[in-house]
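Let me begin by presenting the structure, written as structure tokens, before commenting on it.
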Amino acid sequence: MLSIADLHVHYGGIHALKGVSLEVPANKIITLIGTNGAGKSTTLRAVCGLVRPSAGAINFQGQDITRASTTGIVQMGITMVPEGRRVFPDLTVLENLYMGAHTRNDPGVKRDMDWVFSLFPRLKERKAQLAGTLSGGEQQMLAVGRALMANPTLLMMDEPSLGLAPMLVQEIFNIIKQIHSEGKTVLLIEQNARAALQLADYGYVLETGRIVLSGTGKELLARDEVRKAYLGEE
Amino acid sequence: MDLALFFQHLANGISLGSLYALIAIGYTMVYGILRLINFAHGDLLMMSAYIVFYGMLVFALPWWLSVVLAVLLTAALGMGIERAAYRPLRDSPRISVLISAIGVSFFLQNLGIVVFGGRAKAVYRPAWLAATIDIGGVSITTLALLIPGVTLILLLMLSHLVYRTKTGMAMRAVSRDYDTARLMGIDVDRIISFTFVTGSALAAVGGIMWALRYPQIHPMIGVMPGLKCFVAAVFGGIGNIPGAVLGGFLLGIGEIMLVAFIPNLAGYRDAFAFVILILTLLFRPTGLLGEKMAEKV
């Protein structure tokens, strides 16, 4: 569904991605793990058109989207839950959700709103509240709900569990599972490598701008280098 | 000082304040979305006044058509300025854009001198606008009623636009966070253009009413109102639309009251705004209704 080939990104003089290639097949959960600064967020930002790659190609459902505008990419069915939630604090919860459906005009908006409220009943209770007044966990739910309102085929999530209490982390992973079971393809970035690999069908390990390892979640969990570097085991 | 006289001055202050409010909104909207003080904003009201003047006197168009044309052309001009002078500098340091804005302002003033001539021109003001109406001993000109009336209608329309429409929601989102707004599929450049169109159209109406209130136009008429409305926007809390309206009204009423009740200080009426600016920056830099200075992450 999404295929990235030999992607290079430069930020000024910094060579952030040095030839990343990966595949996201339809209806799978794919995870990208790696340390801070490895280039995980940059990869997702390049897919969304928020940063321009200096070389390489990004294809989505057979179409080249390497140079497409973010608006166009969203309309084609890719959305991202950005790192740090980035909800609009002075818009209400409901307005934030409608923002997610900004490019849409179909009757499905109402249905998706109901679906989001059934995934996150808390958001329904607080729909008239300003998003800035929500707790961190609720803001994360809102950021996910907002992305779902675009009715994406591919949902990309950048560190959805960052800064959340352990109980909420589990809840977020359950939600991802549920979203996936509704037929969405998920590309997930996580620092919580163990949880991500347990959930994912396939994983890639990114180090300083290069893919160094890949395999099914189970395979990667069993690899020594992964256990040492990302799972904190000796 | 009797009560009737006080209300007389108050009505006058509200009418001036309405104009300040209309123009201040443009500053605050552009600041909210680009973090830029658009110093060319004041000159838009001059352009608008001239368009009406030429439309009526040179092309003999009916007044309403001249007004509509002035609003449309000024809005287009505001959008064009953003395209030509600000958009290419989107990724430059903010100071470059600010200097560009000052450049555009000088350009428009000098263009005015070349095209319209430097001599002041008298604006035709229909007699019914100068007619006075007596309300409980307070006599008010039709114009002093018309200005706040038009302003109120425009404010209601603006508030509907910003708080009740999809585009308004997108404007509020863009003013917070470009990248996340893009992720929603919002075309950020289009929203920025739209913001300039809206602010410029309000300035155009403000400029026309300004020319009716002070019926003489010359290429520099935009300078002082422009600066004062910038002060009004800062006073109310720059980036905050209700703040700009509040700042505009308080500044207009304050200025009129100063002249009315302390006639000795009448010569300092223009200084009043700038004293307010200094006091605001010293004691409440975020303005009356300003948001907390949250740094963008």
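The values are calculated or read from the model by the stated rules, or taken from the named source; none is laboratory data. Remember, it's a predicted structure, so these values are computed and weren't measured experimentally. Don't worry about glycine lacking a Cβ; one is built from the backbone with ideal geometry, like all the others, and counts go over all protein chains shown. When the accessible area is computed, the model is the full protein with side chains, heavy atoms only, and any ligands, DNA or RNA have been set aside. Shrake-Rupley method; radii C 1.70, N 1.55, O 1.52, S 1.80 Å.
Of all the criteria given as (1) in contact with a helix residue (DSSP H, G or I) (Cβ under 6 Å, 6 or more places away or on another chain); (2) away from every other protein chain (no Cβ under 14 Å); (3) farther than 21 Å from B:PRO242 by Cβ, the one not satisfied by B:ILE147 is (3). Quick test for you: out of B:LEU251, B:LEU183, B:LEU265, pick the one residue that is hydrophobic (A, V, I, L, M, F, W, C) and open to solvent by 40 Å² or more (accessible area, probe 1.4 Å). Among B:LEU251, B:LEU183, B:LEU265, only B:LEU265 is hydrophobic (A, V, I, L, M, F, W, C) and open to solvent by 40 Å² or more (accessible area, probe 1.4 Å). Within the range B:161-174, if we keep just the residues that are more than 9 Å from chain A (Cβ to nearest Cβ) and part of a helix (DSSP H, G or I), the residue that is most open to solvent (accessible area, probe 1.4 Å) turns out to be B:ARG164. Comparison of B:GLY199, B:GLY237 shows that the only residue that is on the phi > 0 side of the Ramachandran plot and open to solvent by less than 40 Å² (accessible area, probe 1.4 Å) is B:GLY237. Filtering A:ILE78, A:ILE58, A:ILE30, A:ILE65 for residues that are within 12 Å of chain B (Cβ to nearest Cβ) and touching a residue at least 12 places away in the same chain (Cβ under 8 Å) leaves a single hit, A:ILE78. When A:ARG52 is tested against (1) assigned to a helix (DSSP H, G or I); (2) within 14 Å of chain B (Cβ to nearest Cβ); (3) farther than 24 Å from A:GLU138 by Cβ, just one condition goes unmet, and that condition is (1). The strands (runs of 3 or more DSSP E) found wholly in the range A:121-223 and carrying at least 1 residues that are without any contact (Cβ under 8 Å) to a residue 24 or more places away in the chain and in contact with an Asp or Glu (Cβ under 9 Å, 6 or more places away or on another chain) occupy A:210-216. Selection within the range A:85-101: residues that are under 24 Å from A:THR42 (Cα atoms) and facing chain B (nearest Cβ under 7 Å). The member of this set that is most open to solvent (accessible area, probe 1.4 Å) is A:ARG86. Restricting the range B:31-51 to residues that are modelled with pLDDT under 95, part of a helix (DSSP H, G or I) and open to solvent by less than 20 Å² (accessible area, probe 1.4 Å), the residue that is farthest from B:ALA85 (Cα to Cα) is B:GLY32.
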